[in-house]
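First comes the structure, then the notes that go with it.
Quick note: the coordinates plus some simple rules give every number you see, no bench work behind them. This is a predicted model, so every value here is computed, not measured. Cβ: placed from backbone, ideal geometry, glycine included. Neighbour counts: every protein chain shown.
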Amino acid sequence: MTIETNLMAELTWVEYQASIQRENPFVLLPVGALEQHGPHLPMGTDHLVPLAISKAIADRIRAIVAPPFNYGYKSQPRMGGGNHFCGTTSLEGHTLSLLLRDVLLEFVRHGVKRIAVIDGHYENMMFLTEGIDLALTEARRDGITDVRVVRLEYWDFTSEETLKKVFPGGFPGYALEHAAVMETSMSLHLHPHLVRLDKIPNDPPADFPAFDVFPYNLTQIPPSGVLSQAKGASAEKGKLLFDEYVEKISAALQSEMERP
């Protein structure tokens, strides 16, 4: 019996090896976090969204979706509410970098030549970059120079036109969008059964200074953990965002796949 799937965890090793050797696909690695997302969204939002995006991309281009990284770097107050919220479960930065390095080198050992790290948690960004650099440096020492790794944050593919449709009253900025309109809308589109609409808070937008002081002044953080209003969220807006991400990221990876 043949099982049709593009999820690495559902393939046998024989099927995976054959796909790598025959199709030279991208291996997509969704990376997120286990982080509070207010009283209305699941703590796994940051990996659930890039995983869904990766699955949809793999239906469009030659790609295999690896199991996601469900843990990420520490939540920061000005973009994720902070690591002090119960349930937020984080890695040290160097741990995340080394974890990614090890997994990338395993993909290289399998014969994978194209990898895309699809990030859904802003705080991960530079630690993922470090992990990629460490992996490629080690691969080059072993004489492997034909591996390409793409690292992207899916929200960077949001067009101005879409932002105007999602935020008719003006876009508050990505930093304050934690657990707000964009993530709530995509969650309503992707897994509405996990959204507690009746729990969306009425907290005003957070007002942070343009600098950080350590230890952090926790009184600056809304007690709900939501950094700006999510009341304008809808499944329709979520579909608009999701479809744009899938289309644009697929096109970008396809272009990279065709580059000599």
What is the set of long-range amide H partners of Leu91 at a cut-off below 5 Å, with H atoms built 1.01 Å from backbone N?
Gly72, Tyr73, Lys74
If I model a spin label as a point 7 Å beyond the Cα along the Cα-Cβ vector, how far apart are those points for Thr129 and Gln21 in nm?
3.8 nm
Under a point spin-label approximation (7 Å from Cα along Cα-to-Cβ), what is the Ala175-Ala9 distance to one decimal in nm?
3.5 nm
Can you give the FRET efficiency for Val150 and Asp243, using 1/(1 + (r/R0)^6), R0 = 25 Å, r = Cβ-Cβ distance, to the nearest 0.05?
0.80
With unit charges on the beta carbon (Lys/Arg positive, Asp/Glu negative), name the residue among Leu163, Val112, Pro192 whose Cα is farthest towards the positive pole of the charge dipole of the stretch 99-208.
Val112
Residue by residue through the stretch 117-132, the couplings from Karplus 6.51 cos²θ - 1.76 cosθ + 1.60 with θ = phi - 60°, in Hz, x for Gly and Pro, are 9, 10, 8, x, 9, 3, 5, 6, 3, 6, 6, 5, 4, 5, x, 5
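What does the charge dipole of the stretch 105-164 about its Cα centre add up to, to the nearest 20 debye, if the Cβ of each Lys and Arg holds +1 and the Cβ of each Asp and Glu holds -1?
360 debye
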Over 5 Å intervals from 0, what percent of Cα-Cα pairs in the chain sits in each interval?
1, 6, 13, 16, 18, 16, 12, 8, 5, 3, 1, 0
Determine which residues of the stretch 62-82 fall in the zone a paramagnetic label at Tyr216 would reach in this model, i.e. backbone nitrogen under 17 Å from the point 7 Å along Cα→Cβ.
72-82
Given springs between every Cα pair under 10 Å in a Gaussian network model of the chain, which of His94, His189, His178 has the largest fluctuation?
His94
Within a Gaussian network of the chain (alpha carbon springs, distance under 10 Å), most fluctuating of Tyr122, Tyr16, Tyr216:
Tyr216
Contour excess over end-to-end distance, with Cα ends at Glu236 and Arg60 and 0.36 nm allotted per residue:
61.2 nm
Estimated distance in nm for a label pair at Asp142 and Gln76, the labels positioned 7 Å out from Cα along Cα-to-Cβ:
3.2 nm
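Whole-Å semi-axes of the stretch 6-109's equivalent ellipsoid, largest first, each the root of 5 times a Cα gyration tensor eigenvalue?
Its equivalent ellipsoid spans semi-axes of 30, 16, 10 Å.
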Between the stretch 160-194 and the stretch 73-121, what is the separation of their alpha carbon centroids in Å?
23 Å
Pairs from Lys199/Lys239; Lys165/Lys231; Lys55/Lys199; Lys74/Lys248; Lys199/Lys248 whose Cα-Cα separation, in the structure shown, is over 26 Å:
Lys55/Lys199; Lys74/Lys248; Lys199/Lys248
